Each structure stands twice: as structure tokens, then as C-alpha cells.
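Working notes, beginning with the structure itself.
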Amino acid sequence: MGSMLAMVVYVVLFAYLLSAILYFLGSKTGKENILKLALILAILGCVLHLAILVMRTVLTGMLPLTNGMDYLLCFTWITVLMYLLLTSRYQLKSAGGIVMLMSAILLSLVLVLMTGQLGSVAPLMPALKSPWLTVHVVTAAISYSAFTLAAGLAVMQFFPAGRSIKDDYVYLLVAGGFALLSLSIVLGAIWAEQAWGRYWSWDPKETWALITWIIYAVYLHVHRTREWRGNAARWMVIGGFVLVLFTFFGVNYLLPGLHSYA
């Protein structure tokens, strides 16, 4: 099963990378047929990506939410799905290249850092056997996906091809991600009290999640002022995404704590 999963991950990675290239090419040339092909590849990759999650569910007998690899697979899939849903309603084709490229890079980390875990099955730690786990992790994954997509849109706004991307799109994505991150932190605190007997322990994951929350809270607060529109706001969104990545990768690999099992 592990080798089959790895093969499908490679196919999805190829589809995302080729989609990103075609999106960039289509945006530069203005050829709709290239953009349509890029969209088809993104949809194909998203469907196969979902198949990976289903295979992991069948293999482990539980939702793919209990370790860092499964979380990364879910988080990346939700990012692509969210982009496809939004681009079907809004004019976000110009952001397709950067979003698919970011998704491909994130997915490639599964192959670089976690490929041995694709076929692995391990019993759940006692701390993970809680009904609060699913809602805590799902809300965190969706919030991270919203921040990823917002960062991609913010990056594209620096280039002529991204002029059609409105600041309101970025703002709404950050606002939605912030609300879900807030909910995730609260749910995580409830889960922590059940698992470890205290709501908050200043674990590195908790601390950096709080720092990330504060950065996005500041962005939402100052966004209303004219001085913090435009490039300043975009850099803050991108900086917030860097913190999201550190909260996930940096904390998991560099800072041991109660969340080290992730």
C-alpha cells in the first residue's frame, strides 16, 4: 500500500506542477485554452489527492488527521479545493500558478520528509483518543489553507497579472482563516484539558499558534486604515503565512513539546 500511495502522490505532484506552469503561461499569453488545461490538471490532481486521503483512511481505519504527514496531505488538499471553488466564482485565474506551485511544494515535503510514513499504521496515543481531536485538527487545517491561499493572492498582487485580484478577497480569506484558527485554539484548549489536565501549557506549538493568531489579528485591525492598505498589508499576510509554516514545520522538527507526536 505504501508504494502505491507514493506513486499516486508523485502523480498528483506532477499534475500540480504542470498545472502551475500552464497557469503562469496562460496568464502571460492570455490564451484561454492554456488556462482551461491548467484548470483540468488542477481538478485531476485534486481528485487523485482525495483518493490518497481515502486510501490512508482505509489503511489506518481512521480519518487522516492524527500525524504530521496526514495533516499536511489534508491541509494541501483543502488549499487546492478551496482555490478551485473560489476561482469558479471569482476571477482568480491569475493566482492559479502561485497557488498550485505552493501546493506542489507543500506536497513534495511529504515525499522528502515523510515518505516512509505513507504506508505506516501506528496505534493512537492516548492523548489522541478524543472526539475533540477531529474538530480541532479540521478547523486548524482549513484555517491554514485559507492563510495559504491568501498569501498566494497577496504575492500575485505585486505583479501586473494580479491586478484583477481585489484586496477584499485577501481580507475575507484572512478573516475566515482567523475565525477558524480562533475556534481551533479554543477546541485545542478543551482537548488539552482532557488529555493533559490543563487548558494551556505554553507548549511551543501553542505559543507559536498564539503568535500567528496575534499577527493576523493585527492585520484585520489595521486593514481598515488607509496607511495599511496595499503593499504593507500584503507583506503582513505573507509574513503570517511564514509563521504558519514555522508553527507546523519548525515547531514539529526543531522545538520538542507536547505536540511532538505530530
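Some notes on this structure:
- Put simply, of G61, G116 the only residue that is of a type outside the set (D, E), at positive phi and surrounded by fewer than 18 Cβ atoms within 10 Å (Cβ to Cβ) is G61.
- Test: residue in region 26-35 that is β-branched (V, I, T) and farther than 24 Å from F248 by Cα: yes
- Residues of region 211-230 that turn out to be modelled with pLDDT under 90 and either within 17 Å of T148 (Cα to Cα) or not charged (D, E, K, R) (or both), as a count: 6
- Restricting the first member to region 59-76 and to residues that are assigned to a loop (DSSP other than H, G, I, E, B), and the second to residues that are surrounded by 22 or more Cβ atoms within 10 Å (Cβ to Cβ), the beta-carbon pairs closer than 7 Å and six or more apart or on different chains are P64/R56; P64/D70; P64/L73; P64/C74; L65/C74; L65/V137.
- Restricting region 201-236 to residues that are charged (D, E, K, R) and within 19 Å of the chain's Cα centre (by Cα), the residue that is farthest from T139 (Cα to Cα) is R234.
- When L84 is tested against (1) modelled with pLDDT of 90 or more; (2) under 23 Å from E206 (Cα atoms), just one condition goes unmet, and that condition is (2).
The values are calculated or read from the model by the stated rules, or taken from the named source; none is laboratory data. No experiment lies behind these values; they were computed from the predicted model shown. Neighbour counts are summed over all protein chains in view; Cβ atoms, including those assigned to glycine, are modelled from backbone coordinates with ideal geometry.
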